[in-house]
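The values are calculated or read from the model by the stated rules, or taken from the named source; none is laboratory data. If you're wondering where the values come from, they're calculated on a predicted model, not measured in any experiment. Neighbour counts are summed over all protein chains in view; Cβ atoms, including those assigned to glycine, are modelled from backbone coordinates with ideal geometry. Ligands, DNA and RNA are excluded from the accessible area calculation, which covers all protein heavy atoms including side chains. Shrake-Rupley method; radii C 1.70, N 1.55, O 1.52, S 1.80 Å.
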Amino acid sequence: MKGNSRPRFQLVQFRWIFAVDSIVVIGAVMAYGAVARFWLGMTEDNALSMIAIIPLMVLVVSLSTAVILRSIRRKMGVLLDGIQAVSEGDLDVTLDCKNAGEYTAIYQGFNRMTAELKKTKQEMQSFVNEFSHEFKTPITSIAGFSQYLLDTGEGVESPERMQYLQVISEESLRLSNLAQNTLLLSKVEACEIITEKERYDLSEQLRRCAILLLPKLEEKDIALALEIDGLSYTGNAELMEQVWVNLLNNAVKFTPEHGSITVTGKQTEEELVLAFSDNGVGMDEETASHIFEKYYQHDTVSAVRGNGIGLSIVARIVALCGGTVQVQSAPGEGSTFTVRLPLA
């Protein structure tokens, strides 16, 4: 296996082997002595004298067993180290088949598996990048030209045509967001382990996410309060940013004009707790039970356009971090989304 950065996997020592070998040898010698005494005519003294060779036989058998078990432990340790590395997201691990003995076929199968996994991951990333580019490029063009016609067509175009152009602009932007969110959801759903973790200032990240949504907040004159000082987290900053942006965007979307949104954070030795509260339209229990499902949108809020993917992304990323996300809400009383992330 490449590299020595990982500690050797320590197998449990088989200390009971010596006792088992002793029992087996003693039983074998006693049985042979009985057979020799009664069936082969050996004298009693000669049969009893065989007991003297028991320590030597126990020693020989135990040493032989220890050598065999040490070889098994070493080869199994290499394999288990490789499995541990793959489980942590390292697909570059390769097992050295030299001197693998009876484990050669297993090592070769493991190497083929990691090579296929790495190839599949690369193909998936390539597809995602190409699909994203090919899909978003024409949408961006449509959005850009329709917006240009909107900006320059006042007094020239009829009200009906201006309205149609507005629809084109809004729907192309919505389709672009849908493509981006769908690709992100596919990525996190295919992911089993979060890699590229680092410790960073979570408070600062939340402030940056709020700045990204500042135009929407100002458009609806929504007051945003952040009570998040002194928070830090070890994780994938890029993925966690998607969590906070989606939760904030969801709160803005369902909060009426002149409303308010509050984000609070609390950090203990075991976990990080963040709450996103708004005084928006809220939801009933039935809606709350399905809110994290893909493409789910409730009829009572269909006037607020969305694609039903944002909260699915939030739930999946938080689950990958070993955390939970819950919602408390009531119609007309707003909603509170609470994210709990373990710090261990």
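Values for this structure:
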item: Every pair of residues 6+ apart whose Cβ atoms lie under 7 Å, when the first sits in segment 315-343 and is under 15 Å from Asn246 (Cβ atoms) and among the charged types (D, E, K, R) while the second is open to solvent by 30 Å² or more (accessible area, probe 1.4 Å) and not in a strand (DSSP E or B); result: Arg316/Glu189
item: Matching residues in segment 267-288 - criterion: being out of contact with any Ser or Thr (no Cβ under 9 Å at 6 or more places or on another chain) and surrounded by 15 or more Cβ atoms within 10 Å (Cβ to Cβ); result: Glu271
item: Hits in segment 84-96 (condition: over 20 Å from Lys197 (Cα atoms) and either open to solvent by 40 Å² or more (accessible area, probe 1.4 Å) or part of a helix (DSSP H, G or I) (or both)); result: Thr94, Asp96
item: Filtered residues of segment 97-111 (kept if outside any helix (DSSP H, G or I) and aliphatic (A, V, I, L, M)); result: Ala100
item: Number of the exception - Gly235 against (1) under 25 Å from Thr195 (Cα atoms); (2) surrounded by fewer than 15 Cβ atoms within 10 Å (Cβ to Cβ); (3) touching a Lys or Arg at 6+ places or on another chain (Cβ under 7 Å); result: (2)
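Matching residues to (1) open to solvent by 60 Å² or more (accessible area, probe 1.4 Å); (2) modelled with pLDDT of 70 or more; (3) within 17 Å of the chain's Cα centre (by Cα):
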site	(1), (2), (3)
His290	no, yes, no
His298	no, no, no
Ala303	yes, no, no
Gly306	no, no, no
Ile309	no, yes, no
Ser312	no, yes, yes
Gly322	no, yes, yes
Val327	no, yes, no
Ala330	no, yes, no
